[in-house]
Every structure is written in structure tokens, then in C-alpha cells.
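The values are calculated or read from the model by the stated rules, or taken from the named source; none is laboratory data. Just so it is clear, the structure is predicted and the values come from calculations on it, not from any experiment. Cβ atoms come from the backbone with ideal geometry, glycine included; neighbour counts cover every protein chain shown.
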Amino acid sequence: MRPEDFARTPLVHGPTPFHPMARLAAELGLPSLYIKRDDCTGFALGGNKARKLEFTFADALAKGATAVITSGGSQSNHVRQTAAAATKLGLKCLAVLHSAFETTTDSYLRSGNRLLHDMFGAELHFVADAEEATSEKIEALRLGLEAAGERSYVVPLGASDGLGSLGYVVCANELVSDFASASIAPSHIFVGTGSAGTHGGLLAGLRLAGWEGQVIGISVSEPAEIKRGKVRDVIAQIGLTLGRSLPVKDEDIIVYDQYVGTDYGYPTPQSTAALIATARAEAVLLDPVYTAKVMAGMIDLLTRGKLGEVRDPVFLHTGGAPALFAYEGGSSLEIQ
């Protein structure tokens, strides 16, 4: 099967823009640099989750769901877009949130994505930052909905299963078309590696499309070996979903973990510098949790020549700008 054979609920305003970042490249001393603007998917302030949720919500509707349950950090981009899609389609949305960032500032607790979760009508449930606690709460909510006569559908973290990740198999084809239109042949694409659906879907899709360059994952939380395992699992799930083997070798799964900093959700001096440099050179807004760390990692790897010969590198911007407002208070994000 192909991704085109699966039902999709239209959410993405696409294809998303693809263009050079000439000023930033010049400042970094690079001959070229390009960006794929999946911050411009449009739906509910944009971001990569919309591509995945097109497949996820089509499946939920086909199964007669009246409510969806999902989870994420208290400033989750995924929860924002899941809640938005649910309200657009007339479904309830229940979200299990944990605080990934230790702060008591009003900006973090009430602004950014947290404000949007409320605006989109999500029913929020808070737990300790533990996978077991989240799973137990999701199951309790599912049983409660079923007892009340609702039909529930659990959207996995980041919509990063074999179905949702088809969104980035589709994006891979879009990127290959972008390369042809720009008359370039990139050797490296940089992406954040979190729940791994974007990384895994993109890598699988690019290999299916015949592109043989490197997808460089920058971890935003866990050690590289754990992230590689998650990418590997996502690719296996995509293969099962499509009912075919995928031409992805284990050595194709590349993740760097030295740009995480203190932990998930905590900005680093390097990521904040990358965020500011990108805003001032290109008027492109990154976010403190994901894309600023990816940009910091990409800048370090490219400017220090750690990847060998590189041609027309591409930065995949997965969105997340609402979090900028959450991190404005206190000392978590210092803008000079």
C-alpha cells in the first residue's frame, strides 16, 4: 500500500514553503542553507503534528470515535493541534499533561500552548512526569468515557505510530519535489527527534522516494541510543501499516544527543543563541523546546565540519512558536 491509499482528514495548508536562508548561511560562513517550513502547515498556528493528525483523525472518525485522548507536556504542541482538530470535527478531547519544565511563572503555566489548550476546549488532566502515571491515567479516562457511552480513541504521544507517521512519508515526497524545483541536491536534512514519528516517517519516505542522503536527528530529550530505537520502532510500524518492507538500513538512523542540555524543555545557551540568530537573520521564529535545539545542533555540526562534505543542507522547521510566549517570563529564555 501507499500513503495515498489511506483516508486523510484535511488539516494541512500545503505544500509548505521551501526556501533558502541566505543571510543566516552567510553569517555562519556556509555556502548555502535551506529550510522546509512545516511551521507553516497553518492549522491551529501550524507545526508538524498536523501532517500526522490528518491520518490519525481519519481513522478515529472511521471507527466512530466521539472523543479522543492524548498526552504531552504542559506546553505540548501536539496537544494543541490534537485539541484543535477534535473541536473542528466535533469530538471531545481529553489530554493528560505533565510539567516538563520546573517553573512557577504565569507565562509558562497559563500562556503559550497552555492558553490554546483551553481555547480549543480540551479537558486537561495533570499527572507527575512519569510514563507509567500517564498510561494509567489514559486508561482510566478511556474506561470512564466508555462507561458514559462515549466511543474513545487514544492518540499516541506525538501521533507517532505507524499510521500518523505516514504524514512524514508524504512530506518526504513533497521535499523531493522541493529539491527538484530549487535545482538542488541536498546531502543532509536536519530534524528534531522526540517521539520519533517525524524523523522515522521522513527517513522512510525519503528512502522510498530514492533519496540517499543523510537525515540527521537532533535529540531534544533522551540519549541517542534510545532515540535511535524509537526511530527504528516507528519505521517498523510504518512498514506494517503499509504492508511492505522499507529500504532503511540501521546505519541510516543517525541521532546526536549532545544538544539536549539539562533535560527536555530546558533551553540551553546555544539553543537560545540559535533562536535569536535565526530570528534576526531570517525573521523565522523557532521554539525553545525543539527547533532551537535542532538549529543549535545543525550550526555546530556544520560550522565545525563534523559531517564531512555537506551540500545544500536543509533544516526541517516543525513549528512550536507559541511556546516562545510561555518561556518569556523569568530566566528561562534571556533575549538580549
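Please work out which one of (1) in contact with a Gly (Cβ under 6 Å, 6 or more places away or on another chain); (2) farther than 24 Å from I276 by Cα is the condition A62 fails and give its number.
Condition (1) is where A62 drops out.
Any chance the stretch 139-159 includes a residue that's under 20 Å from V231 (Cβ atoms), among the acidic types (D, E) and surrounded by 13 or more Cβ atoms within 10 Å (Cβ to Cβ)?
No, that holds for no residue.
Within the stretch 295-321, how many residues are farther than 18 Å from H19 by Cα and crowded, with 24+ Cβ neighbours inside 10 Å?
Here the count works out to 3.
Considering G167, G201, which residue is modelled with pLDDT of 95 or more, part of a helix (DSSP H, G or I) and in contact with a Cys (Cβ under 8 Å, 6 or more places away or on another chain)? Explain how you work it out, then say what you get.
On the way: G167 fails: in contact with a Cys (Cβ under 8 Å, 6 or more places away or on another chain).
On inspection, the qualifying residue turns out to be G201.
Let's see how each residue does on (1) out of contact with any His (no Cβ under 7 Å at 6 or more places or on another chain); (2) of a type in the set (A, V, I, L, M):
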{"site": "R207", "(1), (2)": "yes, no"}
{"site": "G213", "(1), (2)": "no, no"}
{"site": "V220", "(1), (2)": "yes, yes"}
{"site": "A224", "(1), (2)": "yes, yes"}
{"site": "Q237", "(1), (2)": "yes, no"}
{"site": "K249", "(1), (2)": "yes, no"}
{"site": "A273", "(1), (2)": "yes, yes"}
{"site": "E282", "(1), (2)": "yes, no"}
{"site": "K293", "(1), (2)": "yes, no"}
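Would you confirm whether any residue within the stretch 11-34 is assigned to a strand (DSSP E or B), modelled with pLDDT of 95 or more and surrounded by fewer than 15 Cβ atoms within 10 Å (Cβ to Cβ)?
The initial filter retains those residues of the stretch 11-34 that are assigned to a strand (DSSP E or B), namely 18-20, 34.
Add one more test, that the residue is modelled with pLDDT of 95 or more, and what stays is 18-20, 34.
From what is left, the residues that are surrounded by fewer than 15 Cβ atoms within 10 Å (Cβ to Cβ) are 19.
Yes; the residues of the stretch 11-34 include at least one that is assigned to a strand (DSSP E or B), modelled with pLDDT of 95 or more and surrounded by fewer than 15 Cβ atoms within 10 Å (Cβ to Cβ).
Filter the stretch 49-74 for residues that are free of Cβ contacts under 8 Å to residues at least 60 places away in the same chain and in contact with a Lys or Arg (Cβ under 8 Å, 6 or more places away or on another chain); which is surrounded by the most Cβ atoms within 10 Å (Cβ to Cβ)?
Only one residue fits best here, namely S74.
Could you list, in sequence order, all residues of the stretch 224-237 that are surrounded by fewer than 20 Cβ atoms within 10 Å (Cβ to Cβ) and in contact with a strand residue (DSSP E or B) (Cβ under 9 Å, 6 or more places away or on another chain)?
Across the stretch 224-237, the qualifying residues are A224, E225, I226.
For E27, indicate whether it is within 25 Å of D178 (Cβ to Cβ), touching a helix residue (DSSP H, G or I) at 6+ places or on another chain (Cβ under 8 Å) and outside the structural domain of G305 (by TED's automatic domain parsing).
Answer is no for this residue.
Which residue pairs have Cβ atoms under 8 Å apart, sit 6 or more places apart or on different chains, and have a first residue in the stretch 105-120 that is more than 11 Å from A323 (Cα to Cα) and a second that is in a helix (DSSP H, G or I) and aliphatic (A, V, I, L, M)?
H117/V79; H117/A83; F120/A44; F120/A83; F120/A84; F120/A86
Just to check your reading of the model, which residue among L246, L203, L240 is closer than 21 Å to P156 by Cα and surrounded by fewer than 23 Cβ atoms within 10 Å (Cβ to Cβ)?
Values: L246 fails: closer than 21 Å to P156 by Cα; L203 fails: surrounded by fewer than 23 Cβ atoms within 10 Å (Cβ to Cβ).
Criteria check complete, one pass: L240.
Any idea which of (1) assigned by TED's automatic domain parsing to the domain that holds S135; (2) under 22 Å from the mean Cα position of the chain (by Cα); (3) not aliphatic (A, V, I, L, M) is the one H13 doesn't satisfy?
The failed condition is (1).
Residue by residue through the stretch 206-223, note down the ones that are in a helix (DSSP H, G or I) and either among the aromatic types (F, W, Y) or surrounded by 24 or more Cβ atoms within 10 Å (Cβ to Cβ) (or both).
Restricting attention to the stretch 206-223, the residues satisfying the condition of being in a helix (DSSP H, G or I) are 206-208.
The answer is L206, and nothing else.
Of the conditions (1) of a type in the set (S, T, Y); (2) within 20 Å of F43 (Cβ to Cβ); (3) under 20 Å from the mean Cα position of the chain (by Cα); (4) surrounded by fewer than 24 Cβ atoms within 10 Å (Cβ to Cβ), T87 satisfies every one except a single condition; which number is it?
(3)
Hey, any hits in the stretch 104-111 for a residue that's modelled with pLDDT of 95 or more, aromatic (F, W, Y) and under 22 Å from the mean Cα position of the chain (by Cα)?
We begin by selecting, within the stretch 104-111, every residue modelled with pLDDT of 95 or more; these are none.
Within the stretch 104-111, not a single residue is modelled with pLDDT of 95 or more, aromatic (F, W, Y) and under 22 Å from the mean Cα position of the chain (by Cα).
Does L246 meet the test of being more than 20 Å from the chain's Cα centre (by Cα) and of a type outside the set (K, R)?
Numbers: more than 20 Å from the chain's Cα centre (by Cα): yes; of a type outside the set (K, R): yes.
The answer is yes for L246.
Of the conditions (1) farther than 15 Å from S160 by Cα; (2) surrounded by 19 or more Cβ atoms within 10 Å (Cβ to Cβ), N77 satisfies every one except a single condition; which number is it?
(1)
Would you point out which residue out of Y327, Y259 is among the hydroxyl-bearing types (S, T, Y), crowded, with 20+ Cβ neighbours inside 10 Å and modelled with pLDDT of 95 or more?
It is Y259.
Is the stretch 206-215 home to any residue that is in contact (Cβ under 8 Å) with a residue 40 or more places away in the chain and within 17 Å of the chain's Cα centre (by Cα)? Explain how you work it out, then say what you get.
Keep residues of the stretch 206-215 that are in contact (Cβ under 8 Å) with a residue 40 or more places away in the chain, which gives 207, 214.
The next check asks that each one be within 17 Å of the chain's Cα centre (by Cα); those that pass are none.
No: the stretch 206-215 contains no residue that is in contact (Cβ under 8 Å) with a residue 40 or more places away in the chain and within 17 Å of the chain's Cα centre (by Cα).
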